[in-house]
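Worksheet: one structure, shown below.
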Amino acid sequence: MNKPRLALAVGIICISIFPVLVKLSMVSGIISAFYRMAFSSLLIIPYVLIFKSFKFPTLKVTLLSVLCGVIFASDVTVWNIAIINSTATQASLLTNLSPIWVGIGAFFFLKDKPKRNFWIGTIIAILGMILLVGVDVFKNLDFDIAFAFGVLSGVLYAFYMLISKNILNQINVWGFMSISLTSATFFLGILSYFSNESFTGFSGTSWIILVTMAVVCQLTAWLLISYATQNMRATRVSVSLLGQAILASILAWLFLNEEITLQMIFGGIILLFGIWVTFFTTPIRLSRTRYKHLKKGIKI
């Protein structure tokens with residue numbers, strides 16, 4: 001299990017720079033998402049054809065992979081819009097609430113049900129995220145487009161995780177990424193065209209950032225995360241991805257001058273502890289004596 005965990009850790013680092021790059025790219029959320037998928041497709045398709053890493057799956061798996069591409073493209077687009085219209089930290093908080101939706105979805109639709117440690121770890125991690133961003137900021141969130149799209153991004157990502165976990169047992173990572181990225185590119189290209197978005201006219205810096213998003217935040221990150229998803233529980237992967245909020249906040253502080261405080265650092269430590277709890281294989285249980293006291297309302 002060390003290789004999937006290492007892949008997941010590196011993947012998280014790669015996607016943590018994404019919110020900062022979105023802010024610095026100076027292009028719209030839809031176009032940013034389009035070029036992230038398009039450049040990734042241009043790199044992965046020649047590779048799988050040359051090295052014969054692609055095998056045609058069944059029609060059902062192909063259609064589900066296409067669906068994953070559309071869902072993921074929608075997720076990235078709405079997250080981009082949330083980042084552009086708020087802060088990198090706030091957008092990361094909202095989209096990383098996805099473990100709640102993944103856990104609920106896994107409980108109803110997957111055979112591999114979330115264990116007690118998952119729910120305990122998720123609660124701890126969510127509390128850490130609230131401290132990381134700040135209780136006041138969390139309380140004062142308005143239901144504007146940035147808030148709505150941040151939450152929607154988390155919901156879409158949860159659907160992506162649940163569907164991809166199921167089909168990655170029937171198709172290799174290269175094949176899945178090839179199909180999903182191609183479908184995402186076509187979907188976002190059509191969406192951009194009908195939204196009257198400009199595909200050209202960007203600065204040299206913007207083009208460099210767009211290519212970096214594709215190579216680092218998309219291709220490298222999601223090949224690693226897809227490999228981890230294939231070999232680990234979907235719930236465990238989704239909670240681990242909460243760690244990107246810590247790195248994203250640090251990077252936003254360094255490059256976007258977003259404030260970072262001791263409270264945020266403390267929240268980050270709690271968040272990591274919550275993630276660590278989800279990796280326990282032995283269920284966390286209270287002793288019988290302690291349980292009886294708690295049941296009677298006695299403080300111990």
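The values are calculated or read from the model by the stated rules, or taken from the named source; none is laboratory data. Predicted model, so just to flag it, every value in this text is computed and none were measured. So basically every Cβ, Gly included, is an ideal-geometry build from the backbone, and we count neighbours across all protein chains shown.
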(request) Answer with yes or no whether residue 122 is touching a Gly at 6+ places or on another chain (Cβ under 7 Å), part of a helix (DSSP H, G or I) and closer than 24 Å to residue 277 by Cα. (result) yes
(message) I'd like to check something: does region 103-125 contain any residue that is surrounded by fewer than 23 Cβ atoms within 10 Å (Cβ to Cβ), within 30 Å of residue 259 (Cβ to Cβ), of a type in the set (Gly, Ala, Ser) and at pLDDT 80 or above?
(response) no
(message) I'm trying to understand the selection: among the residues of region 82-102, which are surrounded by fewer than 24 Cβ atoms within 10 Å (Cβ to Cβ), among the polar types (S, T, N, Q) and part of a loop (DSSP other than H, G, I, E, B)?
(response) 86, 87
(message) Can you report the number of residues in region 15-30 which are over 19 Å from the mean Cα position of the chain (by Cα) and part of a helix (DSSP H, G or I)?
(response) 2
(message) Give all pairs with beta carbons closer than 6 Å in which a residue from region 199-213 that is within 17 Å of residue 37 (Cβ to Cβ) meets a residue that is of a type in the set (Gly, Ala, Ser); count only pairs at least 6 apart in sequence or on separate chains.
(response) 206/25; 209/25
(message) Just to be sure I understand, how many residues within region 81-100 are of a type in the set (S, T, N, Q) and touching a Pro at 6+ places or on another chain (Cβ under 9 Å)?
(response) 3
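Suppose we filter region 48-64 for residues that are assigned to a helix (DSSP H, G or I) and surrounded by 14 or more Cβ atoms within 10 Å (Cβ to Cβ); how many remain?
Residues that pass the stated criteria total 5.
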(request) Would you mind listing the helices (runs of 4 or more DSSP H) fully within region 195-279 where at least 3 residues are modelled with pLDDT under 85, closer than 19 Å to residue 76 by Cα and in contact with a Ser or Thr (Cβ under 7 Å, 6 or more places away or on another chain)? (result) 234-240, 244-256
(request) Within region 244-263, work out how many residues are within 28 Å of residue 119 (Cα to Cα) and crowded, with 22+ Cβ neighbours inside 10 Å. (result) 5
(request) Out of 88, 38, report the one residue that is in contact (Cβ under 8 Å) with a residue 12 or more places away in the chain and within 24 Å of residue 195 (Cα to Cα). (result) 38
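Here is a yes/no grid of residues against (1) crowded, with 20+ Cβ neighbours inside 10 Å; (2) more than 18 Å from residue 174 (Cβ to Cβ):
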site: 3; (1), (2): no, no
site: 10; (1), (2): no, no
site: 24; (1), (2): no, yes
site: 29; (1), (2): yes, yes
site: 35; (1), (2): yes, yes
site: 41; (1), (2): yes, no
site: 46; (1), (2): no, no
site: 66; (1), (2): no, no
(message) Whether any residue in region 78-98 is over 23 Å from residue 129 (Cα atoms) and either aliphatic (A, V, I, L, M) or modelled with pLDDT under 90 (or both) is what I want to check.
(response) no
